[in-house]
Every structure is written in C-alpha cells, then in structure tokens.
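S.K.: First, the structure itself, so that you have it in front of you.
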Amino acid sequence: MLTLHLKKRLEGGSSLTLERADGSRTFQRQTRHAEFFAAHDCTHYAVESVLGLSTAFYGLIAGGWDFESFEPPYARGPIPPDALFVERLVGLLDVERHQTAAGAAPSSAAELNVFIAQQYEPSLAPRQITDAELDLVRHRLSDSLREWAALPAGETLVLRFEL
C-alpha cells in the first residue's frame, strides 16, 4: 500500500508526500505549475488504481523507487512498460481535461487506445483500456479533483493506493 499526501501549501503551490507501507517516504514540492501537477498526480492515482497496475508510477514508488528514480541516469534501470503506458494515458487525460473545460467532447477509449498505440512499435503495443475502465477512471478522477478543489490552503488530501 502507498498513502498519497497531497498538500495545498499556505504560501501557494503544493507538495506530494508518498508514504510506503513500511513508513518510508519520498517527497516532491511544486511551486510553478502546482495546480497542473496536483491534477496530474490525481490522474495517475485514478488510472493506476482502476487499472490495478503495480509496475507504474505509484506501484514503483510503493516498491522503493523515489522521484529521482524516474530521471536519467535511471539508477533503478529502465522505466517499465506499464509506467510508460500510464504516463502516456495520463498525459492524454490531462490534455482532455483542458479541452473538455473548453467545451470539447471527451475521447472514447478506442480513440485513446489509437493515440497511445501510435507511440509504440506494433509488436510492443500496450494493453488496451476499455470504455468501462475509462468511465471508472473518470469517475475516480472527478471525485479526487472535487476534493482537491474544496480543500483549504494548508490542508492535505489523503488518498490510498493499494496494489
């Protein structure tokens, strides 16, 4: 299990503390683009918890990786395929969130699958996301973002990611 502590800082910005089951932690503070990263972190949570992926970002953190593990020179080795798939899906959902706020229709699972598959060699295409999974992701994300928006400065949104 991994507990996410997403804090709205009093002076602006946000911080994300990830606490592993053994009590160890890794931490990141966002000052610039803090609202984007809070939503991005919630999107990772929604995608990874709905899809049950243990080798994507939060699962790797739960297993001992730190934020720095995802930066070159990749001290823990290459980023696993599930983590790359999730990062692409989360990025598409981040873009979609801004487009739907401007009145665009949300993408279907088939459309997202096509965009993601275009970034891979045909033999290495990732798993497909279903419409039912996408609906669950969007629902969980909407709940998390609503809680985050209602959170007063200085308070912390706590989410639990179970493998």
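S.K.: I need the full set of residues from the range 1-18 which are among the acidic types (Asp, Glu) and open to solvent by less than 50 Å² (accessible area, probe 1.4 Å), in order please.
M.R.: None; the set is empty.
S.K.: For the condition part of a strand (DSSP E or B) and either at pLDDT 95 or above or more than 20 Å from Phe57 (Cβ to Cβ) (or both), what is the one hit in Leu145, Leu159, Leu136?
M.R.: When all the criteria are applied, what remains is Leu159.
S.K.: Kindly list, by first and then second residue, each pair from a residue in the range 76-88 that is within 9 Å of Phe57 (Cα to Cα) to a residue that is among the charged types (D, E, K, R) and open to solvent by less than 30 Å² (accessible area, probe 1.4 Å), limited to pairs with Cβ atoms under 7 Å and residues at least 6 apart or on different chains.
M.R.: Going by the 7 Å Cβ cut-off, the qualifying pairs are Val86/Glu48.
S.K.: Looking only at the range 128-163, which residues are of a type in the set (D, E, K, R), farther than 26 Å from Arg20 by Cβ and without any contact (Cβ under 8 Å) to a residue 60 or more places away in the chain?
M.R.: Selection gives Asp131, Asp135, Arg146.
S.K.: Given (1) open to solvent by 90 Å² or more (accessible area, probe 1.4 Å); (2) at positive phi, identify the lone condition not met by Glu155.
M.R.: Of (1) open to solvent by 90 Å² or more (accessible area, probe 1.4 Å); (2) at positive phi, only one is false for Glu155: (2).
S.K.: Report, by residue number, each residue of the range 92-132 that is open to solvent by 60 Å² or more (accessible area, probe 1.4 Å), in a loop (DSSP other than H, G, I, E, B) and more than 18 Å from Leu53 (Cβ to Cβ).
M.R.: Ala102, Gly103, Ala105, Pro106, Gln118, Glu121
S.K.: Tell me whether the range 13-27 contains one or more residues that are out of contact with any helix residue (DSSP H, G or I) (no Cβ under 9 Å at 6 or more places or on another chain) and in a helix (DSSP H, G or I).
M.R.: No - not one qualifying residue is present in the range 13-27.
S.K.: Considering only residues that are outside any helix (DSSP H, G or I) and in contact with a helix residue (DSSP H, G or I) (Cβ under 8 Å, 6 or more places away or on another chain), look in the range 28-53 and name the one that is most open to solvent (accessible area, probe 1.4 Å).
M.R.: Among those that are outside any helix (DSSP H, G or I) and in contact with a helix residue (DSSP H, G or I) (Cβ under 8 Å, 6 or more places away or on another chain), it is Gln28.
S.K.: Could you list, in sequence order, the residues of the range 59-88 that are open to solvent by less than 30 Å² (accessible area, probe 1.4 Å) and either outside any loop (DSSP other than H, G, I, E, B) or closer than 19 Å to Cys42 by Cβ (or both)?
M.R.: Gly59, Leu60, Ile61, Ala62, Phe67, Ser69, Ala83, Phe85, Val86
S.K.: Out of Ala104, Ala109, Ala62, Ala39, I need the residue that is under 18 Å from Arg138 (Cβ atoms) and in contact (Cβ under 8 Å) with a residue 40 or more places away in the chain. Which one?
M.R.: Only one candidate qualifies: Ala39.
The values are calculated or read from the model by the stated rules, or taken from the named source; none is laboratory data. This one's a predicted model, so the numbers in the text were calculated from it and none came from an experiment. Glycine also receives a Cβ, built like all others from the backbone with ideal geometry; neighbour counts cover every protein chain displayed. Just so you know, the surface numbers come from the protein's heavy atoms only, side chains and all, with ligands and any DNA or RNA stripped out. Shrake-Rupley method; radii C 1.70, N 1.55, O 1.52, S 1.80 Å.
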